[in-house]
Amino acid sequence: MNDLIDNDECSMTYSTIDQAIQAVLKTGPKAFLYKYDMASVFKLLPIRPSIVPFYGCHWSDQVYFFVRLSLGGRSSPRIFVCLSQALEWILLNKYHVQYCQHRLDSFLTVDCSEQESLRTMAIIISLEYLGIILDTDVFETRIPVDKINRMCNLIRQLSRKKRCTRRELLQLIGHFNFATRIIIPADSYGYGGIFGSKWFSGIWDDDFIGLALHKRNSTLLELMPIVISAVLWGANWSRRRIIFYCDNQVLVYILNKRRSADSIIMMFIRRLALLSFKYNFHLMALPIAGTTNDIADAISRQQWARFHHLSHWADTFPCQIPNPAELIYPIFL
């Protein structure tokens, strides 16, 4: 039956956890949340009698026909969404709910006050939606404990093995991808570096971080602090071999080979090469496990108490970050 249904006509996009988070952010702390999951969703809608003969099957000398939307039918989700959209419209326009979204059969409402019309519902300020806990009391999102335990168990199981199957690896990657929906990498927030007692730290410019995230290129974000380090301290590296410890294997390869297929990355690599020629130092990179890269992680997240505890020898105040133009164009004084 699915072969007779146009895939383009039935294609659709579902609401995401990001949209729910944005709704909570706009509503503010202590917002009231309500979630409702409809049961047996496809059984609520009947099939048009004229097409019932197409939804039949033969089994054990008997012929059976679906009279309700069939599970697995290509058009079933698209048809049911029409009912969901109607219910959403009623909540927004008749009950004046501040925000409502649905993902097929799962509804979420966000409101800044407990309205009379919703007092019969179990309104709370913390609930699990699409596998993520939304907590408007402490104003945070977090992964449920059972999912964290499941990920930890997977990591422990794989850490005891020398090899794993493709299925096991994909299962672990799937859990990690799910966690990244709310766990923000340090390189997407800020950056920093340390050399001896000198150090610097900064927050990404909106335009630059937007470019990197649009290109899905975290390597670009991790390359920038290295170029900044060379601009700040390159004069102190004369006739020395400088080793950068980086927890990005791709960046380690790029730094050691001095080449990349990304034209934007190459602008910074060329700047780094010119600095090494100017100050006469040799640059190389070595990988470091992210779990042991604590100092750089603390600087990137601007966790100052943690940073000064880990690097008590560091200066009290950071170095001034150079002008962005100095990171790309060859400026010789």
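The values are calculated or read from the model by the stated rules, or taken from the named source; none is laboratory data. In this text, all values refer to a predicted model and were calculated from it rather than measured experimentally. All Cβ positions, even for glycine, are placed from backbone atoms using ideal geometry, and neighbour counts span all protein chains on display.
Points worth noting:
- Top-ranked residue of segment 185-223 - restricted to ones that are within 17 Å of the chain's Cα centre (by Cα), of a type in the set (G, A, S) and not in a strand (DSSP E or B), ranked as modelled with the highest pLDDT: S218
- The single residue among R68, R103 that is in contact with a helix residue (DSSP H, G or I) (Cβ under 6 Å, 6 or more places away or on another chain) and among the basic types (K, R) turns out to be R68.
- Every pair of residues 6+ apart whose Cβ atoms lie under 6 Å, when the first sits in segment 218-235 and is in contact (Cβ under 8 Å) with a residue 12 or more places away in the chain and on the phi < 0 side of the Ramachandran plot while the second is among the small types (G, A, S) and not in a helix (DSSP H, G or I): P225/G193; S229/G193
- Test for Y245: is it touching a strand residue (DSSP E or B) at 6+ places or on another chain (Cβ under 8 Å) and in the same structural domain as F200 (by TED's automatic domain parsing): yes
- Qualifying residue in segment 285-294 (condition: within 26 Å of A325 (Cβ to Cβ) and either surrounded by 14 or more Cβ atoms within 10 Å (Cβ to Cβ) or touching a residue at least 24 places away in the same chain (Cβ under 8 Å) (or both)): yes
- Verdict on A285 being touching a Cys at 6+ places or on another chain (Cβ under 6 Å) and not basic (K, R): yes
- Lone unmet requirement of (1) more than 23 Å from I203 (Cα to Cα); (2) in contact with a Phe, Trp or Tyr (Cβ under 8 Å, 6 or more places away or on another chain); (3) exposed (fewer than 15 other Cβ atoms within 10 Å of the Cβ); (4) not hydrophobic (A, V, I, L, M, F, W, C) for Y279: (3)
- Selection within segment 245-263 - crowded, with 16+ Cβ neighbours inside 10 Å and either touching a Phe, Trp or Tyr at 6+ places or on another chain (Cβ under 6 Å) or aliphatic (A, V, I, L, M) (or both): L251, V252, I254, L255
- Residue in segment 298-308 that is at negative phi, among the small types (G, A, S) and touching a residue at least 40 places away in the same chain (Cβ under 8 Å) present: yes
- Helices (runs of 4 or more DSSP H) within segment 1-94 that include 2 or more residues under 30 Å from the mean Cα position of the chain (by Cα) and either acidic (D, E) or more than 26 Å from F178 (Cβ to Cβ) (or both): 7-10, 76-93
- Where Q115 falls short, out of the listed (1) under 25 Å from Y14 (Cα atoms); (2) surrounded by 12 or more Cβ atoms within 10 Å (Cβ to Cβ); (3) modelled with pLDDT under 85: (1)
- Selected residue [loosely packed, with under 14 Cβ neighbours inside 10 Å and either at pLDDT 90 or above or touching a helix residue (DSSP H, G or I) at 6+ places or on another chain (Cβ under 8 Å) (or both)] from R166, R142: R166
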